[in-house]
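Structure first, then comments.
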Amino acid sequence: MAEKIRQAEIQRVAEDRREAVDDVVAVEEPLEIQVGSASADGAAARSVSITMRTPGHDEELALGFLFTEGIIGSASEVRSVATLGEPDPETGLKNRVRVELEAGVNLNLDKLERHFYTTSSCGVCGKASLDALRNEGCTSLAGVATHYSATMLTQLPGRVRASQAVFNQTGGLHAATVFGSDGEILVVREDVGRHNATDKAIGALFRAGRIPAHDLGLLVSGRASFELVQKCLAAGIPLLAAVGAPSSLAVRTAEDFGMTLVGFLRGGTFNIYAGSERID
């Protein structure tokens, strides 16, 4: 099992007192994601991303990342996914995942570069971001008729917190939770990064053949950004709920693509920013 916490010796300060105590911190290590394709130049594996993550469910993270970024479209395109390399001598971790594509699947590296530019949030306006989603083939979820109970939603954060083992020990991780419209919790993934936790959760659905996930919802422990709405849209998830606030572009994207967006889901209350018709 991947190491997710490490011991740390700290100085705890309270008013005029200071004492040495043992504590635990969440592990953060780099992960290189590679893609191998027979159609790529030289048929060699290409490194497409290096992300800082909490070890665990690395293969799901790679699959979820490649799917939600539009690099792969279905599980049938994937020949294999494996963690590679020699274990790090200090941590024992293998920090490389390679996804091999089936013969005949085209790996468009130019598309990859363009897509990263349009989702980088660096000098790109909201209209360009929305146009990029349409150009990638993202379609409206307005016709998805799944409904969710307001009571069920208000109970979710407490139920998820009980299953966040590493967060309860360290207080340092985000969570992404996939749940059914009946409130059943299907997947909980933790990571130092909100996007990584979401990619792990969606990667689990991808592996299980549950995409498009029109009958599910996603709860994230932080705020709701444009990128998280985009990932839900790619997976066909019609509802994104966040413990924190949404961004203006997240709201606009949810409205334009027929998604339901909930924010400030905590303390028994929440705000509906888009798609209120799905909340009973």
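Using the Cβ-Cβ distance between Thr139 and Glu86 with R0 set to 51 Å, the FRET efficiency works out to roughly 0.75. Taking the DSSP bridge list for segment 142-278 and keeping only pairs wholly inside it, about 70 percent are antiparallel.
Work out the FRET efficiency for Ala150 and Val24 from their Cβ-Cβ distance, taking R0 = 51 Å, and round it to the nearest 0.05. Don't skip to the end; give the middle numbers.
On the way: r = 36 Å, r/R0 = 0.71.
Taking R0 as 51 Å, the efficiency between Ala150 and Val24 is 0.90.
Rounded to the nearest 20, the size of the Cβ-charge dipole of segment 142-278 about its Cα centre is 260 debye, with Lys and Arg at +1 and Asp and Glu at -1. Site pair Arg79 and Arg6 shows an inter-label distance of 3.6 nm when each label is modelled 7 Å from Cα along Cα→Cβ. Each peptide in 74-86, 232-244, 142-154 receives the mean, over its residues, of other Cβ atoms within 10 Å, and ordering these scores from highest gives 232-244, 142-154, 74-86. Highest mean packing first, where packing is the average number of other Cβ atoms within 10 Å per residue, the peptides 14-24, 58-68, 269-279 line up as 58-68, 269-279, 14-24.
If you take every residue apart from Leu186 with its C-beta less than 14 Å away from the C-beta of Leu186, what net charge results, scoring Lys and Arg +1 and Asp and Glu -1?
On the way: positive: Arg159, Arg189, Lys200, Arg207, Arg210; negative: Glu60, Asp182, Glu184, Asp215.
For residues surrounding Leu186, the net value is +1.
Taken as Cα centroids, segment 7-76 and segment 204-269 sit 21 Å apart, rounded to the nearest whole angstrom. Take the Cα of Asn271, go 7 Å toward its beta carbon, and the backbone nitrogen atoms of segment 229-249 under 17 Å from that spot belong to 229, 240-249.
Under 10 Å from the Cβ of Tyr148, count the other residues' Cβ atoms, weight Lys and Arg +1, Asp and Glu -1, and hand me the total.
Working: positive: Arg278; negative: Asp182, Asp280.
Every neighbour counted, the sum reads -1.
Which of the three applies to segment 142-278, rounded, prolate or oblate, going by the alpha-carbon gyration tensor with a ≥ b ≥ c and a/c under 1.5 meaning rounded? Display every interim value, and only then the final one.
Numbers: a/c = 1.37, a/b = 1.24, b/c = 1.11.
Rounded, because the longest to shortest axis ratio a/c is under 1.5.
Here, each number is a calculation from the coordinates, and none is a lab measurement. This one's a predicted model, so the numbers in the text were calculated from it and none came from an experiment. Neighbour counts run over all protein chains shown; Cβ positions are idealised from the backbone, glycine included.
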